Amino acid sequence: MVNYKDLGLVNTRDMFARAIKGGYAIPAFNFNNMEQLQAIVKAAVETKSPVILQVSKGARNYANQTLLRYMAEGAVEYAKELGCAHPEIVLHLDHGDSFELCKSCVDMGFSSVMIDGSHLPYEENVALTKKVVEYAHQFDVTVEGELGVLAGVEDEVSAEHHTYTNPEEVIDFATRTGCDSLAISIGTSHGAYKFKPEQCHVDPATGRLVPPPLAFEVLDAVMEKLPGFPIVLHGSSSVPQEYVDMINQYGGKLEAAIGIPEDELRKAAKSAVCKINIDSDSRLAMTAAVRKVFAEKPAEFDPRKYLGPARDEMEKLYKHKIINVLGSNDKLANL
Ligand code: G3H
Ligand code: 13P
Ligand code: ZN
């Protein structure tokens, strides 16, 4: 049994309370490899932001959960070495799908877990989430639950059709499960294809597709039922069109990739939404940078020469999200 506090990690409770009060959101960035982790930690340190490192089922399969846990432990020391005396880093299980998995993450030093029972019948979701909360809270590990189903397809997380969260259920769910935060469905979805072109209209100024707005009325109704309760948005990549263009320019083939406009995320971050999940944008930044090097320097074969620029591009992206979208810069408890 490893306690996250001994690793220098923190849970989400205090940072979420401050984020709701301060009208900003904490970034939750997924990581699968060293370059992503370095970029996330550097961006968080340089912007003085708390940060959530997310490990998904796909990441565990790809990189090994034990190795990722040690990398997160290393992240705390790396942040200190970069000059941050009191980093606030959460190690979070993203989309946990069973009690056993959540328990194993709690036992190996995660400071926060998500139990995603959103695909289950309501009563089963309540029972599973409550079981995870009862276990995790013994060790002061915070738990994210989910109500409502996100559309979209992304490797391990898929749902053909979304169902918005029913605001009538949130009080009962939060009270009976004791969860610390709640992921809700208001029209975001996982991956780089969040909307079909026929759902969008064309912006005459840019010629780009503009997606339909998120269901802010659902978010408002949830906040009315649960005032001050931490809300989480999954599927919140914006799919920057510069990266899509760059990928296509250098031999890729991404057609009609569409994300959530940053204005909508800025608006959400000012509300009770205090955790915003971003993964796909980092994948796009990395792919664009690597493709550029491969196209411009076909003789290059030192991985550092293409993963280095990819890391720089991701760091730039993470800083942009923190400063210009989520507003979590300069929000460490001990600056
Ligand atoms: O929510 C999904 C995340 O983007 C992680 O996806 O399981 O492919 O790592 P993944
Ligand atoms: P994106 O695919 O929009 O980056 O969402 C990531 C996510 O929700 C991880 O849980
Ligand atoms: Zn997600």
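Some points to look at:
- The modelled label-to-label distance between residue 206 and residue 6, using points 7 Å beyond Cα along the C-beta direction, is 4.9 nm.
- Theoretical gain in end-to-end length, residue 86 to residue 263 [0.36 nm per residue, Cα-Cα removed]: 60.6 nm
- Label point distance in nm, residue 253-residue 134, each placed 7 Å from Cα along Cα→Cβ: 5.2 nm
- Between residue 225 and residue 127, the FRET efficiency from the beta-carbon distance, with R0 = 22 Å, is close to 0.55.
- Viscosity 0.890 mPa s, temperature 25 °C, Stokes-Einstein D of region 4-326 from Kirkwood C-alpha radius, µm²/s: 123 µm²/s
- Coil-residue trypsin sites (Lys or Arg not before Pro) of region 10-53, DSSP, other Cβ within 10 Å capped at 14: none
- Membrane-span-like helices in the chain, defined here as complete DSSP H runs extending at least 30 Å along the helix axis by their C-alpha atoms with mean Kyte-Doolittle hydropathy no lower than 0.0, are absent; this is a sequence and geometry rule, not a statement about a membrane.
- Within straight-line reach of residue 292, meaning a Cα separation under 20 Å, sit the following aspartates and glutamates at least 8 residues removed in sequence or on another chain: 35, 242, 245, 255, 281, 300, 302, 312, 313, 315.
- 18 Å Cα-Cα threshold exceeded, pairs from 57/194; 42/80; 196/319; 21/275; 196/316; 57/305: 57/194; 196/319; 196/316; 57/305
- For region 209-335: rounded, prolate or oblate by the Cα gyration tensor [a/c cutoff 1.5]: oblate
- Here's the list of aspartates and glutamates a cross-link from residue 48 could span, going by alpha-carbon distance under 12 Å and ignoring same-chain residues fewer than 8 apart: 88, 330.
A short reminder: the numbers here are calculations on the coordinates, not readings from a lab. Predicted, not measured: the structure shown is a model, and the values here were computed from it. A quick note on method: Cβ atoms are made from the backbone with ideal geometry, for glycine too, and the neighbour counts reach across all protein chains shown.
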